[in-house]
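The values are calculated or read from the model by the stated rules, or taken from the named source; none is laboratory data. Predicted, not measured: the structure shown is a model, and the values here were computed from it. Cβ atoms come from the backbone with ideal geometry, glycine included; neighbour counts cover every protein chain shown.
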């Protein structure tokens, strides 16, 4: 999920002093016998097909109603409803629980404040700092302008618990006023960014703070997203799970810059459509493969798909037109079959929804859950690399809670 406008390179170039200090810390942290690996369970809230079933009806496909969007602007918070995978964290002492999105496409941690102005606490868990004796008032306001509105908040500091990992002194944003986003989004309370500190409005993201405190076995995190089950996905701080993939198939890819988890694909194709070499972001916070508008519209037009209420829809009779979506990364082919990026929507819809979307005014591609449910991903800020490996076949089908 992009919580900054694309194709942003940051506010003032690629590197900032804070990141330089962090890079030194990452490389020279002492070996600590108390270091550990921390597993955080993640669960699926709703799929793209379930969203389509809720959002669409028969009238949407009649006459002129089935039209392609004229303009969609990728802005912070706008597409948060695209998310599928969430986890439970707690903030404060005693703990206050929140359902959050773990997002490699952003770097801030924020949750709604009990002092918000939009009655969010009627359908969200809201943080109340008066209930926490470990709360620290940073006395700083944050105002973030988005294309669809503005979010205002206050910076606070408190203890954060993610799974069995406790981070003391974690800075985060209490969201106080939002124009539109949280007022309509009810699937989760907040977001924990897993991107680099350069993207953060305030403080270090939790993973990087854990690295600085030297409490992880390895200064990496990894993500397994279970495509077919509600439960069974997990985020691992400090290591990876070799039961989910074959180590011989793990490939490391250098990232382009310490902002997004961004890298280069030397070649991409969608059936017979050649998409050339592109910069790509690995993003656990969206459930689509998202690309530049011109390229994506060429793809969807080639198979007869249309955009309806922000969803890419394909009529049943065109299903045999769906091709493989292929990414060439460091000389290796990563193939998404039609079943990896399309889902059948029954009920009154009776059409396929595709995990494909576009961005105006950007050359970047975003790899969301259609890719990340097929490939295990490991994020290594020390070596500035991402590792990908095919998830073993039985992992997406054999989980029982």
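Summary table
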{"read-out": "Top-ranked residue of segment 297-312 - restricted to ones that are outside any strand (DSSP E or B) and more than 15 Å from residue 272 (Cβ to Cβ), ranked as nearest to the chain's Cα centre (by Cα)", "value": "310"}
{"read-out": "Residues that are at pLDDT below 85 and outside any strand (DSSP E or B), drawn from segment 124-147", "value": "147"}
{"read-out": "Residues of segment 269-279 satisfying the condition of being under 30 Å from residue 191 (Cα atoms) and in contact with a helix residue (DSSP H, G or I) (Cβ under 9 Å, 6 or more places away or on another chain)", "value": "278"}
{"read-out": "Residue check, residue 388 part of a strand (DSSP E or B), at pLDDT 95 or above and crowded, with 22+ Cβ neighbours inside 10 Å", "value": "yes"}
{"read-out": "Segment 319-351, residues that are farther than 28 Å from residue 256 by Cβ and either assigned to a loop (DSSP other than H, G, I, E, B) or touching a helix residue (DSSP H, G or I) at 6+ places or on another chain (Cβ under 6 Å) (or both)", "value": "321, 322, 343, 345, 346, 347, 348, 349, 350"}
{"read-out": "Flag if residue 338 is at negative phi, under 21 Å from the mean Cα position of the chain (by Cα) and surrounded by fewer than 20 Cβ atoms within 10 Å (Cβ to Cβ)", "value": "no"}
{"read-out": "For residue 330: the one exception among (1) at pLDDT below 95; (2) on the phi > 0 side of the Ramachandran plot", "value": "(1)"}
{"read-out": "For residue 198: the one exception among (1) touching a strand residue (DSSP E or B) at 6+ places or on another chain (Cβ under 9 Å); (2) crowded, with 20+ Cβ neighbours inside 10 Å", "value": "(1)"}
{"read-out": "Residues being assigned to a loop (DSSP other than H, G, I, E, B) and out of contact with any strand residue (DSSP E or B) (no Cβ under 7 Å at 6 or more places or on another chain) - total across segment 92-123", "value": "3"}
{"read-out": "Counted residues, segment 253-274 - those being surrounded by fewer than 14 Cβ atoms within 10 Å (Cβ to Cβ) and outside any loop (DSSP other than H, G, I, E, B)", "value": "3"}
{"read-out": "Residues that are within 10 Å of residue 292 (Cβ to Cβ) and out of contact with any helix residue (DSSP H, G or I) (no Cβ under 9 Å at 6 or more places or on another chain), drawn from segment 364-384", "value": "364"}
{"read-out": "The lone exception for residue 394 - which of (1) on the phi < 0 side of the Ramachandran plot; (2) at pLDDT below 90; (3) in contact with a helix residue (DSSP H, G or I) (Cβ under 6 Å, 6 or more places away or on another chain) it fails", "value": "(3)"}
{"read-out": "Options 290, 286: the member that is buried (at least 17 other Cβ atoms within 10 Å of the Cβ), touching a helix residue (DSSP H, G or I) at 6+ places or on another chain (Cβ under 6 Å) and closer than 25 Å to residue 191 by Cα", "value": "286"}
{"read-out": "Matching residues in segment 91-107 - criterion: being under 21 Å from the mean Cα position of the chain (by Cα) and surrounded by fewer than 21 Cβ atoms within 10 Å (Cβ to Cβ)", "value": "97, 99"}
{"read-out": "The lone exception for residue 209 - which of (1) in contact (Cβ under 8 Å) with a residue 60 or more places away in the chain; (2) crowded, with 17+ Cβ neighbours inside 10 Å it fails", "value": "(1)"}
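Results for (1) buried (at least 23 other Cβ atoms within 10 Å of the Cβ); (2) modelled with pLDDT of 90 or more; (3) over 17 Å from the mean Cα position of the chain (by Cα), shown as yes or no for each residue.
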| residue | (1), (2), (3) |
| --- | --- |
| 353 | yes, yes, yes |
| 363 | no, yes, yes |
| 368 | yes, yes, no |
| 372 | yes, yes, no |
| 378 | no, yes, no |
| 384 | no, yes, yes |
